[in-house]
Amino acid sequence: MSFANKRPGGRILPVRRLTPQVDPQKQFDKLSAAIGQIYNHNVSQLSYEELFRIGYGLVQSKNGSLAYDGVKGVLETHLSDCVHQDVLVHMDAVRSNPSAASNNALLSSVRHLWSEHVTAMLVIKDVL
């Protein structure tokens, strides 16, 4: 019987942390920048392993609420910016001139925004 992992007195010591403590806000800032890159279609420059490790580290260090609320805020901000840039312009055109062309432009804008959002969410889901 080996007593290599026991101290004299019978007490087992807890495992020491080998990973350095990092600032969770800095980690989330990296994650937030990566989400922006995903929405800008620059995913080839991202390391999925690093981003997954950041997200996992945030949750393991009991900062899951920071990750959840932060990602939610980043997504809300991006979607509201896209809606203001694309959809509301077409909505004003439909209000001023309700024609089939302006209606089609509005629906096309909404469909394009939705398809880009779904694609980005699939990539974000893979990361987190």
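The values are calculated or read from the model by the stated rules, or taken from the named source; none is laboratory data. Only a predicted model underlies this, so the values are computations on that prediction, with no experimental measurement involved. So basically every Cβ, Gly included, is an ideal-geometry build from the backbone, and we count neighbours across all protein chains shown. Surface areas here come from the heavy atoms of the whole protein model, side chains and all, with no ligands, DNA or RNA. Shrake-Rupley method; radii C 1.70, N 1.55, O 1.52, S 1.80 Å.
Counting only residues that are closer than 20 Å to I38 by Cα and without any contact (Cβ under 8 Å) to a residue 24 or more places away in the chain, which one in the stretch 107-120 is least open to solvent (accessible area, probe 1.4 Å)? Break it down stepwise before answering.
Step one: filter the stretch 107-120 for residues closer than 20 Å to I38 by Cα, giving 109-120.
With the extra rule that they be without any contact (Cβ under 8 Å) to a residue 24 or more places away in the chain, the set shrinks to 109-111, 114-115, 118-119.
Numbers: S109: 16, V110: 67, R111: 166, W114: 160, S115: 55, V118: 56, T119: 77 Å².
Checking each candidate, the answer is S109.
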When A4 is run through (1) of a type in the set (A, V, I, L, M, F, W, C); (2) exposed (fewer than 10 other Cβ atoms within 10 Å of the Cβ); (3) modelled with pLDDT of 85 or more, the failure sits at (3)
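Residue-wise test of (1) within 16 Å of A120 (Cα to Cα); (2) open to solvent by less than 50 Å² (accessible area, probe 1.4 Å).
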| position | (1), (2) |
| --- | --- |
| R53 | no, no |
| Y56 | no, no |
| Q60 | no, no |
| S65 | no, no |
| T77 | yes, no |
| C82 | yes, yes |
| S99 | no, yes |
| A105 | no, yes |
